[in-house]
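Okay, structure first, notes after.
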């Protein structure tokens with residue numbers, strides 16, 4: 001089982017210190033979420049809570065993922081950086097590809113691109129990007145960005161984007177791509193990439209989704225052995241729980257270990273201590 005620190009809702013300056021500690025303690029990666037802005041009023045309900053309310057309070061930090069990866073890549077050597085998830089469809093594919101590719105180069109290929117199609121219509125409106133067909137646009141953006149990340153000249157003629165002959169440098173190492181989402185369409189999409197990134201859920205729910213994804217990949221003639229299923233489990237409180245999730249197809253978990261020991265208001269020192277204790281208590285050997 002791969003273990004990733006979850007950087008969501010943390011003070012931006014703390015994330016740097018926590019990433020250094022995670023690197024030294026042998027964590028596998030750090031998950032970095034994405035929103036450009038947090039609007040005061042929304043008509044769009046948040047899809048991952050029962051009441052449609054957002055999980056974070058106003059003025060919670062949402063650092064730019066690629067600026068953050070650049071900083072973290074300079075002070076770590078082992079951990080990977082995973083966006084959980086980046087809403088590419090809010091941006092131009094060219095500026096997104098440039099930022100992502102540069103971050104991959106500077107982190108020496110330690111980047112996994114987790115994508116989501118987005119849920120907040122008002123954020124799309126603010127950034128002058130269409131909310132409709134954002135799933136199809138996201139898929140075409142991946143196709144175009146992969147071309148832009150390849151050596152040599154690029155030309156592209158898609159449904160949404162048309163590219164004259166050009167090149168984009170530097171050329172990054174290969175970037176694994178995963179998608180999030182829980183709808184049937186989202187799972188169909190994720191099954192055709194390198195992995196799936198889930199939200200907070202129970203172990204049984206995660207195992208069920210892993211099984212569905214594996215079925216979809218087998219039906220498409222794709223392997224399942226190297227397929228990533230990454231999720232934050234809300235009920236994995238013993239090593240046996242984590243082992244059961246792994247046996248059920250979950251390959252990566254995301255966690256904020258201080259919640260188990262000191263709660264959400266832990267100091268930086270307490271967070272680092274909890275990260276060490278978690279490795280010993282939950283992942284023996």
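The values are calculated or read from the model by the stated rules, or taken from the named source; none is laboratory data. All of these numbers come straight from a predicted model, not from anything done at the bench. So basically every Cβ, Gly included, is an ideal-geometry build from the backbone, and we count neighbours across all protein chains shown.
Is it true that some residue in region 34-56 is surrounded by 16 or more Cβ atoms within 10 Å (Cβ to Cβ), modelled with pLDDT of 95 or more and within 13 Å of residue 10 (Cα to Cα)? Within region 34-56 (the criterion being surrounded by 16 or more Cβ atoms within 10 Å (Cβ to Cβ), modelled with pLDDT of 95 or more and within 13 Å of residue 10 (Cα to Cα)), the answer is yes, since at least one residue qualifies.
Hey, does region 266-273 have a residue that's exposed (fewer than 14 other Cβ atoms within 10 Å of the Cβ), out of contact with any helix residue (DSSP H, G or I) (no Cβ under 6 Å at 6 or more places or on another chain) and either under 17 Å from residue 6 (Cα atoms) or without any contact (Cβ under 8 Å) to a residue 60 or more places away in the chain (or both)? Within region 266-273, one or more residues are exposed (fewer than 14 other Cβ atoms within 10 Å of the Cβ), out of contact with any helix residue (DSSP H, G or I) (no Cβ under 6 Å at 6 or more places or on another chain) and either under 17 Å from residue 6 (Cα atoms) or without any contact (Cβ under 8 Å) to a residue 60 or more places away in the chain (or both). Inside region 69-83, can you point out the residues that are in contact with a strand residue (DSSP E or B) (Cβ under 9 Å, 6 or more places away or on another chain) and either closer than 19 Å to residue 137 by Cα or surrounded by fewer than 23 Cβ atoms within 10 Å (Cβ to Cβ) (or both)? Scanning region 69-83 gives 73, 76, 80, 83. Out of 112, 128, one residue alone is on the phi > 0 side of the Ramachandran plot and either modelled with pLDDT of 95 or more or not in a helix (DSSP H, G or I) (or both). It is 128. For region 219-232, which residues satisfy the criterion of being farther than 23 Å from residue 30 by Cβ and touching a helix residue (DSSP H, G or I) at 6+ places or on another chain (Cβ under 6 Å)? Of everything in region 219-232, just one residue is farther than 23 Å from residue 30 by Cβ and touching a helix residue (DSSP H, G or I) at 6+ places or on another chain (Cβ under 6 Å), namely 224. Scanning region 233-254 for residues that are in contact with a helix residue (DSSP H, G or I) (Cβ under 9 Å, 6 or more places away or on another chain) and closer than 20 Å to residue 182 by Cβ turns up 233, 234, 235, 236, 245, 248, 249, 250, 251, 253. So is residue 95 part of a helix (DSSP H, G or I) and exposed (fewer than 14 other Cβ atoms within 10 Å of the Cβ) or not? Considered against the rule, which asks whether it is part of a helix (DSSP H, G or I) and exposed (fewer than 14 other Cβ atoms within 10 Å of the Cβ), residue 95 comes out as yes.
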